[in-house]
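Chemist: Sharing a structure with you now.
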Amino acid sequence: MRFQSYPQLDVALIKNNAVVGAKIAVELNKEMAQAISVYPTAKIITVGGTNVDIVAKSHQLFEPRTSNIGANKVIVGGVGRNITECLYRLGQTQTLFISVLGNDFNKELCIRNFSENNMRTDGLIVEEGRTCTYVAMLNEKGEMMSAVADTALIDKLSPVHVFVV
């Protein structure tokens, strides 16, 4: 079977596709402009993780599979957050950090830490789940014996969050 070509129909189809594509582009541009206006100007944008790090160090010889007497330290960290803090300390205060926090008590700890360091919080996205947490167990010499990283929430940070900026 052979199809017959209708040049005038081909041209009409191309013109119609161009009109529809242009309408879609205009609407997408409007949505992006509204989303972009949510964030004040930033000269630098960093994207990455925010963690609550818990470091536990044994005071005595570390014994596996039992409780060890020691001390715990809680630190707000994460590679992206740490880089952003360094930028702020270097005077780059128009830095926007985009990260995801869980809807839990660690979120408040992280936000307070950002405020204490005079860092912007408008790029922090709150999602249902646990804020990323890292727990390290150190022996009496400060050597890591074990660690657990609960970082599943970072998977909810998507290109859409960055594209909006």
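Chemist: Report the extension gain between Lys43 and Val162 in nm, rounded to one decimal, defined as 0.36 nm multiplied by the number of residues separating them, less their alpha carbon distance. Each step should come with its number before you reach the end.
Modeler: Details: separation 119, 0.36 × 119 = 42.84 nm, distance 1.45 nm.
Result: 41.4 nm gained on full extension.
Chemist: Along Cα→Cβ, 7 Å out, is where each label goes; now give me the distance between the ones at Val26 and Ile83 in nm to one decimal.
Modeler: A separation of 3.9 nm, rounded to one decimal place.
Chemist: Put a dot 7 Å past each Cα toward the Cβ at Ile75 and Ile154; how far apart are the dots in nm?
Modeler: In this crude label model, Ile154 to Ile75 measures out at 1.6 nm.
Chemist: Give me, ordered by chain and number, the residues 5 or more places off Phe97 or on other chains with an amide H under 5 Å from its own placed amide H.
Modeler: Here Thr46, Gly123 satisfy the definition.
Chemist: Here is a follow-up. Out of residues 5 or more away from Asn51 or on other chains, whose amide H comes under 5 Å of its own, with H placed 1.01 Å from N in the peptide plane?
Modeler: Under 5 Å from the amide H of Asn51: Gly77, Gly78.
Chemist: Right, here's the next one. Structure shown: which of Lys43/Lys73; Lys57/Lys156; Lys23/Lys43; Lys73/Lys156 lie over 29 Å apart, alpha-carbon to alpha-carbon? Write down the numbers at each step before the final one.
Modeler: Values: Lys43/Lys73 34 Å; Lys57/Lys156 32 Å; Lys23/Lys43 31 Å; Lys73/Lys156 27 Å.
Beyond 29 Å between Cα atoms: Lys43/Lys73; Lys57/Lys156; Lys23/Lys43.
Chemist: Now for a different question. Ratio of Rg to Rh for segment 70-136, alpha carbon only, Kirkwood? Don't jump to the answer; show the numbers that get you there.
Modeler: Working: Rg = 12.3 Å, Rh = 12.6 Å.
Checking Rg against Rh, the ratio lands at 0.97.
Taken together, the values in this text are just the output of simple stated rules run on the coordinates, not laboratory data. Nothing here was measured: the structure is a model prediction, and the numbers come from that model. FYI the Cβ positions are ideal-geometry reconstructions off the backbone, even for glycines, and counts take in every protein chain you see.
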